[in-house]
Every structure is written in structure tokens, then in C-alpha cells.
1. For the stretch 29-44, in order, what is each residue's ³J(HN,Hα) by Karplus, 6.51 cos²θ - 1.76 cosθ + 1.60 with θ = phi - 60°, in whole Hz (x at glycine and Pro)?
2. May I ask you to compute the full-extension gain from Gln457 to Ser38, defined as 0.36 nm times their residue separation minus their alpha-carbon distance, rounded to one decimal in nm?
3. Among Ile372, Ala389, Leu284, whose Cα sits farthest toward the positive end of the charge dipole of the stretch 275-419 (+1 at Cβ of Lys/Arg, -1 at Cβ of Asp/Glu, about the Cα centre)?
4. Set the Förster distance to 22 Å, then compute FRET efficiency between Lys441 and Asn363 from the Cβ-Cβ distance, nearest 0.05.
5. Would you calculate the separation in nanometres between label points at Ser299 and Asp22, each defined as 7 Å from the Cα along the Cα-to-beta-carbon direction?
6. Measuring with a 1.4 Å probe in the full set of protein chains, what accessible area per residue, in whole Å², belongs to the stretch 284-405?
7. Pop out the carbon and sulfur fraction of the accessible area of the stretch 180-278 as a percent, whole number, probe 1.4 Å.
8. How many angstrom separate the Cα center of the stretch 252-312 from the Cα center of the stretch 467-484?
Amino acid sequence: MARASASSFPSIQTCSSDNRQDQTVISDLNGSLLRSPSAFPYFALAAFETGGPLRLLFLLFLYPLSAFLHHFVSESAGIQVLIFASLAGAKLSTIESVARAVLSKFYAEDLHPETWRVLSACGRRCVVTTEIPTVMVEPFLKEYLGVDAVVGTELRVYRGRATGLVRGAGVLVGDKKAEAISRFFGGESVPEIGIGDQKSDFAFLKLCKESYMVPANSKLPAVSSVDLPKPIIFHDGRLVQKPTPLIALLTVLYLPFAFFLSLLRIVLGCLLPCHLALPVLRSLGVRIVIHGTPPPPPSSSSSGVLFILPHRTLLDPVFLSFSLRRPVTALTYSLSRLSELISPINTVRLTRHRATDAAAIKNLLSQGDLAICPEGTTCREPFLLRFSALFAELTDEIVPVAMNVRMSMFYGTTARGWKGLDSFYFFMNPRPVYEVSFLSKLGKEQTCGGGGKSSFQVADHVQRMIAMKLSYECTSLTRKDKYRILAGTDGAVAEKKKGKLVGGGGKYVVRAVFYLCSFWEKVPRGRFWVKVPRLSVGE
């Protein structure tokens, strides 16, 4: 649908935002409240998160048909093709979860500054959505923007699953959009301000006392996250970039190669010792940047050092070991069994019982260095969650390490999906980057034993040290806050084989690779197969 000319209605830039607290504003979504007029990226995200790569491929296959219908036959028909291709058969609860945990972040990065200036100034806010069904956008609009009502296209659901069809008035285009808004307001009140961007918005704009058009400007910067009523600290999903048709196509074509590249990186990282894995991974495109001076390895007469890490991915202790060029035992809470098996370093699964974990950590520190992430879960945004204070009570040998990670295609963390694939997704990135910065070891006067500090004071001090180095913001949010927002749970995972020290998993990777080979019995396995004893935390 052709966009309206500037002379049809005044531009949104001319709309004053002063003294609007008692007024009602209604805005179109795509091209008005959001800078991008295309809804394809959001359907692509929903398709990938609800149905995986095959669903995204199906959407790409039908996208040319949708574009043809949209421009030459019927805008409504083109939108219905997108809805069917991306959502047909998906559970409604899954779609709602994706909308809340995944799409909100991408919506926030696409907010039109002028439209948001007017919308945020009004006392009552309403948004009408034509292409994107209300279930996909309502959580973001109401929770993060304080929108009072969302009027839009509704999905038809059968036994808890989306049929791919729409119900009620169908796709709200043109006069149907105006009729839906008239029914919503009941004819008793008229919105003071209406905001649109296409000729198809004229019908509902005529219902408003003041009407404004949003001119197309792809170079206009989006609203800054600090200007939002509520910052988006937690979000989920695997895709880093907003998948335009070209990016979505490249992602699907890259996936088979990415899987084998990831497998190669993981196998070599597991098989090679730490001092060799670092240069090999660099040659395979994994960039590791090291700042500061790592502490020397513990001597026979001294206890180990406790490295305190921010939790960016589950590979934090692994890259710490690569940077130190020696293995460091990692303390974990709820690591997937697959991640334990392929880990090149030892991992200790804690129980979340304070006394038991404290005894185990003290015992392990007497044997060597340890690494722990006191946040308890990962966070993607530049925020640090609250640090658990247990570590400060157990030792005065504390070295904070600031870690940052950059991923260009896939996120190596998840709250809703299968955590066992986190390492694979991280290594599927073309050129992932890990920055490891060793900070100064805490002085005796800054610890509980030497300085008489409380464990909470030490934990907060270490959190501030790492935040200052990374230019992050400290928060009091916890693991439970994250999982309640993203997954609707408290993040607790049933523990299996509690308190076991699991050996490095290179041997399991080798065995799996050999079993996949048809010539398994012809390979001399004795040189590769080394049994590593499992030790209980009390041993």
C-alpha cells in the first residue's frame, strides 16, 4: 500500500506533546510506532522460535507469494499468508512466551522517537495493529510502554494451537481498522490524536480530532533504552540480529556449515590441553582477548584462588581456563548433562544447600583453583545481577575477572530452550569474541577474614569492581526474577547425582565420534581413551 503524501495530514514532528496528560492517543504499529513498515522480521522471529529452522525456511518459501498478494491483489491476503506460514500449528502458550521473552527486545530497538514522544505524553494510550496479531505484540506494549489497550488482528485457535487463520473481522485493513476502533470506543468518545503512516490509515485517522502522519525515514535513530519507562534487562531467543528477508535467508543457508564448524571447535576444544586450545580456536575464528596479568598457579603449600566471574555464557570458566593456559574447576548449579559431558574442564554441581556447598567449596579450594559465577544465571544486557555472598565467606584468595562476549548471529544462552545446545549455538557464530580481563586480587583489608568485612559487603564490592571495568550497571535482580519474566518459573532444575565432580568430557566426545564412524573397530582406541575417575565432593 502506497504511503500517504506529506500534504494529506501534518507530519508527526508538528504535533505538540505539551499538556496531553488528559488526552487519548491511538497509533498504528508498523511504520508509525515502529520505524520499520514491514512485519516480516517479527514473523521470522516467531517462526524460528516456535518451529526452528524448518519453519523459518517455510516462511521464506512463502514470502514471495505474500509480497505478490500484498502489492497486487490484497494486502489482507498477503498478511494472512505470513500469519499461516509462521504460526500455523504453534501452541498459543508458546507464541505468548515468544512475544514476551523474544520479540519485546526487537520491538524496543525499533521504536520511532517522534511517535513515542507523543504517545508517552498522553494519559490514555491505544495501539492498533494490522499485520502483527495482538498476541505477538500486546505483552510488550502493555508491560514496557504502558499502553492501555491494543486493537488488532486476532488469531483463530483450536485446542490451544494457532490454526494460521484469523477470526472476527479478519485482518484489520482500511475500513475494518476504523470499524474496530469505533467499536472499541463505543462511539461515546473520540480520540484526541491519531497517528498513521499509510493511505489505509486514513479511515481511522478521520475519527480523531487531530491526525498526523509518520514520514518514512529509515535512517532515523530509534528510541534510546534509557528513555523507556521500563528497561529490557532479560530477553531470550537465539537470533542476535533482526531477521530481514535477506538476513533470514543467509541464516538458513549458513546453518548446516555453522553446525559442522561448531562441532569442530567443540571437539578440538575438548581434546586439546588448555595451552594448545587457545591458539587452535583463534585459528578457527574464535577471538580471545586477554587483559591484565593472570595469577600464577597455586603451589603445594598454598590453597587455590577463587575466580569470580560475571555470567555471560556457560563457557565463562572454559575461556578462563584457556586464558590461564591451565584447567580450572568450575562450580555450577544447573548445568545440562550434555554440557557436562563435553566440558574440557572439571565441573562441580552444587546443591543450593548452603552448608553442603560451603564444605564442598572449601575442600576443592584446598586442591586447586576454582571459578564461580555468583549471579547464578546469565544476563545478555549490560547489567550485573545480584552476587551471592557465599563465596566471600569461604576464602580471602579472591580474584575478580571481568568477562565480556560478542556474538553476531546466535546467542549462546537460553531460558526457554534446551540448555544443552548453548555451547553449540555460541560456536556457530562466524567470529565470536571473548574478552577476559583479570582484575586486582582483593587485599586482605577487603575480605571477611583479613578486613572484618561482611560477606555482603565483599560481594557488593566485587560486583562494583567488575561492573566498573565493563561499564555495566549493578542491579539487585536474581535468577528467580529472570526465569519468572522469561519462562514463568523460578529457574529451579531438578538435580541429578548431586555433589559429583564430573571429569572433563573430551573422552565422551571422542567416543561419540568413533561410534559414528563405520570403521570403529579398526581405530586403535587405546591412545585416545583415558578414564578419569569421578570424585565426590567429600573425597
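1. 8, 5, x, 10, 6, 9, 5, 7, x, 9, 9, 4, x, 6, 5, 5
2. On the way: separation 419, 0.36 × 419 = 150.84 nm, distance 4.96 nm.
Fully extending the segment from Gln457 to Ser38 adds 145.9 nm.
3. Towards the positive end, the residue furthest out is Leu284.
4. It comes to 0.50.
5. So the label points at Ser299 and Asp22 sit 7.9 nm apart.
6. Numbers: 3990 Å² over 122 residues.
I get 33 Å² per residue for this part.
7. Values: 3200 of 4820 Å².
Answer for the stretch 180-278 is 66 percent, counting heavy atoms of protein chains only.
8. The two parts, judged by their Cα centres, are 24 Å apart.
The values are calculated or read from the model by the stated rules, or taken from the named source; none is laboratory data. Note that the coordinates shown come from a computational prediction; the quantities given were computed from them, not determined experimentally. Cβ: placed from backbone, ideal geometry, glycine included. Neighbour counts: every protein chain shown. We work out accessible area using only protein heavy atoms, side chains counted, and drop any ligands, DNA or RNA first. Shrake-Rupley method; radii C 1.70, N 1.55, O 1.52, S 1.80 Å.
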